[in-house]
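Every number here is computed from the coordinates shown, using simple stated rules; none is lab data. Quantities reported herein were computed from a predicted structural model and do not represent experimental measurements.
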Ligand SMILES: NC(=O)C1=CN([C@@H]2O[C@H](COP(=O)(O)OP(=O)(O)OC[C@H]3O[C@@H](n4cnc5c(N)ncnc54)[C@H](O)[C@@H]3O)[C@@H](O)[C@H]2O)C=CC1
Ligand SMILES: O=C(O)[C@@H]1CCC=N1
């Protein structure tokens, strides 16, 4: 049983909501429980799609907010009157803090923020969870059960840390995709065709990630296993490690994303 057995409304089914929906359907959740609410009303095979909340007055058991944070206030007037004392609100909105959601949705059972990422579509997502003050253990367990079908889950109690940390896993796939492209471009510079370089770069990253995920050793140790003393890899690692170049780049990347998260939180207060 996932998050009780009542109706789940998924509000917004774009890149992230759509990825979660694919993950849920693949995990065997009963599609009859899911209503997707999207202004376009564009159909999605297997689930009911509505342009607005269902008119029958039944409150959702779970309301999943998956529109852009900037669209929240446009959606609230239609949604807020539909929630009830039994509604678990699950928000994937970056930045938007739990008190900001509680202010807009006064009727709810509990509010749980989730920061998912797009690999949720294939059950390989990373879901950070943060429960608003007042959420009881059973509501937290139901929220976790709902997203546990999409990948791994980690709770973060401190909401400030949740916002700052969410950029690692939430934005992380984009950073990794850029790395794949950069590796491919570097391969092209060595003379490979664009197609072949792209294939090799992606397969190398996918294989290395799978190896690291299943290994009992740290990535640093695995890197050492690739780098023969005095060999080709060490020469390359020396460039990555010089002045901690990659560490500093990633620190700057996450800091910029975290700053934006804080700006978005402030805008929603
Ligand atoms: N894209 C990602 O990898 C991640 C996104 N998120 C969060 O997921 C949310 C959605 O982001 P994306 O899917 O990337 O955006 P998106 O633009 O791809 O999808 C948003 C969807 O919401 C719909 N929408 C707009 N106004 C609406 C309304 N009033 N009611 C219902 N639906 C409405 C749009 O038609 C669109 O399909 C954001 O809050 C974002 O912070 C969180 C983690 C990762
Ligand atoms: O870019 C964003 O704001 C969202 C949140 C994490 C990933 N995408």
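Against the longest alpha carbon principal axis of the chain, how many degrees, from 0 to 90 and to the nearest 10, is the axis of helix 245-268 turned?
Once rounded, the angle reads 10 degrees.
With everything on Cα atoms, drop me the angle between helix 159-170 and the longest principal axis of the chain, reported from 0 to 90° to the nearest 10.
The answer is roughly 60 degrees.
Among rounded, prolate and oblate, which fits region 8-167 when a ≥ b ≥ c are the square roots of the eigenvalues of its C-alpha gyration tensor, a/c under 1.5 means rounded, and a/b larger than b/c means prolate? Provide the component values of the computation, followed by the final result.
Values: a/c = 1.45, a/b = 1.10, b/c = 1.31.
Note, shape of region 8-167 comes out rounded.
Please say if region 24-71 is rounded, prolate or oblate, where rounded means a/c under 1.5 for a ≥ b ≥ c the square roots of the C-alpha gyration tensor eigenvalues, and otherwise the choice is prolate for a/b larger than b/c and oblate otherwise?
It is rounded, given that a/c, with a ≥ b ≥ c, falls under 1.5.
Using alpha-carbon pairs under 8 Å, 6+ residues apart, how would you state the relative contact order of region 172-263 in percent?
Relative contact order for region 172-263 comes out at 13 percent.
Please determine, in degrees from 0 to 90 and to the nearest 10, the orientation of helix 15-27 with respect to the longest principal axis defined by the Cα atoms of the chain, where the helix direction is its Cα long axis.
The angle comes out at about 80 degrees.
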